[in-house]
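Have a look at the structure that comes next, please.
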Amino acid sequence: MGKRECVLVAAGTAALIPVLPSRADIPAGAREEQGKETPNILFIMTDDHSYQTISAYGHPLSALVPTPNIDRLAGEGMLFRSAYVENSISTPSRATLLTGLYSHQHGQRTLDRGFDTTKTVFPELLRQAGYQTAVIGKWHLPAAPHGFDHYSILHDQGDYYNPELLTPASGGMFVRCEGYATDIITDQSLEWLEGRDPTRPFCLMVHHKAPHRNWMPDIQYLDLIDEYSEIPVPDTLFDDYSTRGPAARTQEMTIARDMSLGYDLKVDRLHDTEEVPDWLKLSWRNSIERMTPSQRAAWDAYYEPLNDRFIDQELSGDDLTLWKYGRYISDYLKVIKSIDVQVGRLLDWLDANHLTENTLVVYTSDQGFYMGEHGWYDKRFMYEESFRTPLLARWPAVILPSSVCDGLVQNIDFAPTFLDAAGVEIPGQMEGLPLTGLMSGEKSDLRDELYYQYYDYPAVHQVRKHYGIRTKEFKLIHFYGQAQWPGHEDIDSREFYDMSADPHEVDNRYGDPEYAPIISRLEERLAAIREKLGNPL
């Protein structure tokens with residue numbers, strides 16, 4: 001594998017990441033050769049990857065562009081069918097991954113600043129126990145990485161083409177690397193693995209930018225599928241939210257109304273005249289103009305004829321919504337294709353280096369994502385498609401092939417899981433529970449319910465604040481808070497769903513006498529959880 005050429009570029013935003021004090025050095029003796037019972041850990045996390053587009057989950061969308069390499073983890077390990085987040089938005093989710101805490105406990109409730117850097121993060125505990133630790137790819141936290149021997153992190157959200165990355169050796173500058181971000185992140189991950197100390201276990205966190213908005217495919221996959229293909233349409237694409245409260249109706253994340261023809265859907269000719277926020281116009285120009293001439297030529301050769309056809313059709317109403325849905329899904333699936341190929345490269349490297357048997361590989365996303373359900377894209381809501389995430393794990397020394405787990409698990413569980421797998425004591429303040437008992441088959445479940453809370457309002461997409469509880473059968477949500485956006489009102493509304501009878505969550509049964517005893521029990525349980533957690537708001 002050839003080393004990729006990178007160029008130093010000025011990036012003043014690097015100064016916005018505070019430099020944290022050094023953590024404890026690796027204890028004496030920790031460099032001694034580890035026993036074979038100490039597993040390596042390879043954690044692969046994507047950004048906004050829906051479980052609907054992983055073929056191991058069997059959703060119709062995934063049949064269009066299968067994911068055979070990600071599916072290997074299910075076939076050779078465990079598929080989690082009830083994995084969730086505690087706050088469906090990127091920055092809080094990443095802080096939760098590292099700390100095993102809820103958002104209000106680690107401080108990162110929203111996308112803005114807030115992360116409490118005094119909280120223990122699991123990589124530093126692994127490092128103190130002798131692990132080599134690294135994070136490569138998207139970081140997206142308002143603090144420098146700590147607990148890592150090495151990091152190479154994208155600038156802010158990162159760019160699909162020719163992204164910049166910051167490393168400990170780059171002197172506070174971002175280094176621009178030519179190529180496609182998903183490939184670059186994998187290249188750098190493999191380079192780090194090749195150069196590690198083979199006598200010590202490793203924990204490598206591979207954090208992809210993809211498939212985050214605006215879903216820009218790699219040149220080689222542009223013609224994999226297009227918007228005129230037979231793409232399954234969700235039953236709720238034209239949801240009218242008739243039984244739901246004001247939060248579902250006042251959001252700004254509909255495909256029909258809010259998805260940009262330029263930034264999101266690559267109709268470049270319409271971009272400058274489109275009535276969208278200035279930041280979207282600037283973001284699109286940055287995305288497209290950072291391409292090399294050859295990249296741009298291939299891009300235009302593909303999209304311009306399709307865009308001409310779209311403009312000539314003069315679509316409107318539902319026909320326009322269906323076209324936008326088709327372009328969105330086709331681009332998204334092409335981005336997933338790149339991820340799957342690069343996951344395959346990492347798994348093949350483990351095989352080639354005889355490390356498969358004793359390496360715990362975990363694949364997940366920082367949250368779920370809407371594939372047109374309820375007419376939406378993005379995440380944030382406690383409704384299932386954004387609340388639920390893909391989660392697959394392979395650890396041949398522990399997990400039986402083709403295992404399936406239906407127990408309720410959450411991203412607060414990752415940190416204690418990795419510590420427990422490594423034989424490191426789990427700090428008492430961590431809220432999560434180790435998944436190792438589920439992986440080994442010693443347990444079938446960890447908990448009876450999950451707690452969720454979303455805080456980021458007012459913000460992009462204008463989803464109202466809410467919290468709730470989910471059991472295996474039911475879900476109770478409370479939307480709350482003062483209006484802080486035009487057209488919004490103060491809100492104090494509740495929704496209840498019978499998930500067995502209404503998996504699409506279109507029939508809010510709160511206030512229905514038939515469910516009154518169940519709702520009452522859930523409200524009592526929710527109040528008890530919130531009291532235990534300090535009643536976060």
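Please express the shape of the range 370-448 as an equivalent ellipsoid: the semi-axes are the square roots of 5 times the eigenvalues of the C-alpha gyration tensor, given largest first in whole angstrom. Write down the numbers at each step before the final one.
On the way: eigenvalues 145, 54, 23 Å².
Values for the range 370-448, descending: 27, 16, 11 Å.
So, one more: If packing is taken as the mean number of other Cβ atoms within 10 Å per residue, what is the order of 529-535, 232-238, 458-464, highest first?
458-464, 232-238, 529-535
I've got another one for you. Label-point separation (nm) for Thr243 and His504, each offset 7 Å from Cα along Cα-to-Cβ?
1.1 nm
Now, a different point. Hey, can you rank 160-170, 390-400 by average C-beta count inside 10 Å, highest first? Don't skip to the answer; put the middle values down first.
Working: 160-170: 19.2, 390-400: 21.0.
So the peptides 160-170, 390-400, ranked by packing, come out 390-400, 160-170.
Give, as a single signed number, the net charge of other residues whose beta carbon lies under 11 Å from the beta carbon of Gln52, with Lys and Arg counted +1 and Asp and Glu -1.
On the way: positive: Arg388; negative: Glu373, Glu384, Glu385.
Charge balance near Gln52 sits at -2.
Shape verdict for the range 218-287, please, from the Cα gyration tensor: rounded (a/c under 1.5), prolate (a/b greater than b/c) or oblate. Please report the intermediate quantities before stating the final value.
Numbers: a/c = 2.89, a/b = 1.29, b/c = 2.24.
Verdict is oblate for the range 218-287.
Another one. From largest accessible area down, sort His271, His212; use a 1.4 Å probe on the protein chains.
Details: His271 0, His212 25 Å².
Ranking His271, His212 by accessible area, largest first, yields His212, His271.
Which of the cysteines in the chain are isolated, no other cysteine C-beta under 4.7 Å?
By the Cβ distance rule, which asks for a partner under 4.7 Å, the isolated cysteines are Cys203, Cys405.
Could you work out [θ]222 nm for the chain from helices alone, using -39500 (n - 2.57) per DSSP H run of at least four and dividing by all its residues? Round to the nearest 500 deg cm²/dmol. Intermediate results must be reported in sequence, preceding the final value.
Numbers: 15 runs with 160 residues, N = 537.
One gets -9000 deg cm²/dmol as the mean residue ellipticity at 222 nm.
Same structure again: Counting only protein chains, not ligands or nucleic acids, how are Val175, Val362 ordered by accessible area (probe 1.4 Å), most first? Display every interim value, and only then the final one.
Working: Val175 35, Val362 5 Å².
Highest to lowest solvent-accessible surface, that is Val175, Val362.
Let me ask you something else. What list of ³J(HN,Hα) values in whole Hz, one per residue of the range 474-489 in order, does the Karplus curve 6.51 cos²θ - 1.76 cosθ + 1.60 (θ = phi - 60°) give from phi, with Gly and Pro shown as x?
9, 9, 10, 10, 10, 8, 8, x, 7, 5, 9, 8, x, x, 9, 10
In Å and on Cα atoms, what radius of gyration and Dmax does the range 314-395 show?
Considering the range 314-395 through its Cα atoms, Rg and Dmax are 17.5, 57 Å.
Sticking with this one: Output the pairs from Lys119/Lys337; Lys379/Lys475; Lys209/Lys472 with a Cα-Cα distance over 26 Å in this structure; if there are none, say none. Don't skip to the end; give the middle numbers.
Details: Lys119/Lys337 36 Å; Lys379/Lys475 17 Å; Lys209/Lys472 31 Å.
Cα-Cα > 26 Å for Lys119/Lys337; Lys209/Lys472; rest within.
Sort Val361, Val276 from largest to smallest accessible area, using a 1.4 Å probe on the heavy atoms of the protein chains.
Val276, Val361
Right, another one. Starting from 0.36 nm per residue, how many nanometres of slack lie between Ala483 and Glu37 once their C-alpha separation is accounted for? Display every interim value, and only then the final one.
Working: separation 446, 0.36 × 446 = 160.56 nm, distance 5.46 nm.
Stretched fully, the Ala483-Glu37 segment lengthens by 155.1 nm.
Could I ask something else about it? Roughly how many nanometres apart are two label points built 7 Å out from the Cα toward the Cβ at Glu252 and Glu514?
Between Glu252 and Glu514, the simple spin-label model gives 3.8 nm.
Another one. Express the relative contact order of the range 210-286 as a whole percentage, based on alpha carbon pairs under 8 Å and six or more residues apart in sequence.
The value is 22 percent.
Something else now. Among (1) 335; (2) 177; (3) 147, only one was calculated for this model; which label is it, if the read-out is volume of the Cα convex hull per residue in Å³?
(3)
The values are calculated or read from the model by the stated rules, or taken from the named source; none is laboratory data. What you see is a predicted model, and the numbers here were worked out from it, not measured in a lab. Cβ coordinates were reconstructed from backbone atoms using ideal geometry, including for glycine residues, and neighbour counts include every protein chain displayed. Just the protein is used for accessible areas: all its heavy atoms, side chains included, with ligands, DNA and RNA removed. Shrake-Rupley method; radii C 1.70, N 1.55, O 1.52, S 1.80 Å.
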